[in-house]
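Enquirer: Quick one: the structure is below, and I'll ask about it shortly.
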Amino acid sequence: MKKKVKVLVSRPEKYKSKASKTPKGLFKFENLIEEELPDVYEFICGYGEDDIIKQVDRFRPELIFIGQSKLMDALGLLKKIKQLHPPATVFIIFGDIVDDEQETIDEYMAAGAYKCYLIPFGVDTLIHDMYVALNLE
């Protein structure tokens, strides 16, 4: 059996207790990807900045999704991840309204993000971008 690609998904620490109520501890887009491609990806969740860094150090995921919100310093987290595990491909998902959208995206890209998404975004686009990032196409 082919090794699954490890994907770390960030969550604010306050959602840790809710994870047990969600299938496999995942949220909507991960569930959709898991349903579509069950044998390709293995999802790991990190709750809060400290736990996310521990998960990166422990699992060395190929792909990482950081949700930018008021609950987490996503830019600071991105910089820490890129120092700890430079080969990781990091996607940023903007959950809050971004004041200066292009300037903010440019700042994340300069810090090492692979791609940034504004909610709502299409899961098909995300799956395609994951394949491209991993050179699977």
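Enquirer: Please go through segment 6-28 and pick out each residue that is touching a helix residue (DSSP H, G or I) at 6+ places or on another chain (Cβ under 6 Å) and modelled with pLDDT under 75.
Expert: Ala19, Gly25
Enquirer: Among (1) under 24 Å from His128 (Cα atoms); (2) within 13 Å of the chain's Cα centre (by Cα); (3) part of a helix (DSSP H, G or I), there is one condition Ile92 misses while meeting the rest; what is its number?
Expert: (3)
Enquirer: Identify the single condition in (1) in contact with a Leu (Cβ under 9 Å, 6 or more places away or on another chain); (2) of a type in the set (A, V, I, L, M, F, W, C); (3) modelled with pLDDT under 85 that Met1 does not satisfy, given that it satisfies every other one.
Expert: Of everything listed in (1) in contact with a Leu (Cβ under 9 Å, 6 or more places away or on another chain); (2) of a type in the set (A, V, I, L, M, F, W, C); (3) modelled with pLDDT under 85, Met1 misses just condition (1).
Enquirer: Restricting segment 108-117 to residues that are surrounded by 15 or more Cβ atoms within 10 Å (Cβ to Cβ) and not in a loop (DSSP other than H, G, I, E, B), which is modelled with the lowest pLDDT?
Expert: Tyr117
Enquirer: Return the only residue of Ala133, Ala74, Ala88 being on the phi < 0 side of the Ramachandran plot, of a type in the set (Gly, Ala, Ser) and modelled with pLDDT of 95 or more.
Expert: One residue alone meets the criteria, Ala88.
Enquirer: Could I ask something else about it? Scan segment 7-33 and report the pairs whose first residue is within 16 Å of Phe94 (Cβ to Cβ) and whose second residue is at pLDDT below 60, with Cβ atoms within less than 8 Å and a gap of 6+ or a chain change.
Expert: Val9/Leu26; Val9/Phe27; Arg11/Ala19; Arg11/Phe27
Enquirer: Which of the residues belonging to segment 29-57 are at pLDDT 90 or above and either of a type in the set (D, E, K, R) or over 14 Å from the mean Cα position of the chain (by Cα) (or both)?
Expert: Residues satisfying the conditions are Glu49, Asp50, Asp51, Lys54, Asp57.
Enquirer: Checking Arg60 against (1) modelled with pLDDT of 90 or more; (2) at negative phi, only one condition comes out false. Which one?
Expert: Condition not satisfied by Arg60: (2).
Enquirer: Right, another one. Suppose we filter segment 104-131 for residues that are among the aromatic types (Phe, Trp, Tyr) and over 18 Å from Ala88 (Cβ atoms); how many remain? Working first, answer last.
Expert: Start the filter on segment 104-131 by keeping residues that are among the aromatic types (Phe, Trp, Tyr), which leaves 108, 114, 117, 121, 131.
This time we only want the ones that are over 18 Å from Ala88 (Cβ atoms), so: 121.
Residues meeting the conditions: 1.
Enquirer: Before we move on, is Val98 touching a strand residue (DSSP E or B) at 6+ places or on another chain (Cβ under 9 Å), at pLDDT below 85 and surrounded by 14 or more Cβ atoms within 10 Å (Cβ to Cβ)?
Expert: Judged against the criteria, Val98 is a match.
Enquirer: I'm trying to understand the selection: among the residues of segment 69-89, which are of a type in the set (Lys, Arg) and in a helix (DSSP H, G or I)?
Expert: Selection gives Lys79, Lys80, Lys82.
The values are calculated or read from the model by the stated rules, or taken from the named source; none is laboratory data. Fair warning: this is a prediction, and the values are worked out from it, not measured in the lab. Reconstructed Cβ throughout: ideal geometry from the backbone, glycine too, with neighbour counts over all protein chains shown.
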